[in-house]
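This report concerns only the one structure given below.
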C-alpha cells in the first residue's frame with residue numbers, strides 16, 4: 001500500500017515528533033512534500049518553517065539534529081508521527097522537549113524540566 005499523504009491547502013501536514021527511546025513528546029511541526037522527501041532521503045529531519053516560510057533542516061544552526069528512526073501515518077493520512085533520536089535539545093529555548101512548561105489550573109506556567117543547553121551560546125543573544 002502506497003502512502004497518500006493528505007496535505008492541507010497550504011501544502012503542509014502536521015508532524016508529531018517523539019524520542020524513539022523514551023517516547024517523550026519532543027515537538028510538533030509541519031512538513032511539506034519536499035521536507036518529507038528530504039527526511040526520508042537523508043535520515044535527518046527536515047520541516048517547513050511557517051514563521052520563516054522556508055525549508056528547515058533541524059539542527060542546521062544548533063547542530064542538535066534529529067536522526068530519523070521511524071515514521072507512522074494516522075488513519076486519515078493527514079498527520080505524521082516521527083520517532084527520532086534527538087541530539088541534545090529539540091527546543092530552541094534550551095530544553096530537550098518543547099513541552100517543558102506545565103499549564104496550571106490558575107492559567108500560570110511552571111517550568112518542569114531543566115535546560116540541556118544555553119540557547120545564547122548556540123543562537124546568540126536574540127534567542
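Table for the structure above
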| item | result |
| --- | --- |
| Among 38, 18, 53, residue whose mean-square fluctuation peaks in a GNM of the chain (springs only between Cα atoms under 10 Å) | 53 |
| Compactness of segment 13-90, expressed as Rg and Dmax over alpha-carbon positions, Å | 11.5, 34 |
| Likely footprinting exposure, 60, 114, 2, 24, fewest C-beta neighbours within 10 Å first | 2, 114, 60, 24 |
| Relative packing of peptides 105-111, 5-11 - highest average C-beta neighbours within 10 Å first | 5-11, 105-111 |
| Cα→Cβ-extended label distance, 7 Å offset, between residue 10 and residue 92, nm | 1.5 nm |
| Within a Gaussian network of the chain (alpha carbon springs, distance under 10 Å), most fluctuating of 97, 51, 62 | 51 |
| Residue with peak Gaussian network fluctuation, the chain [Cα springs, cutoff 10 Å], from 29, 41, 90 | 41 |
| Order of 27, 45 under a 10 Å beta carbon neighbour criterion, fewest first | 27, 45 |
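Any read-out appearing in this document is the output of simple, stated calculations on the displayed coordinates, not a laboratory observation. These numbers were taken from a predicted model, which means no experiment stands behind them. So basically every Cβ, Gly included, is an ideal-geometry build from the backbone, and we count neighbours across all protein chains shown.
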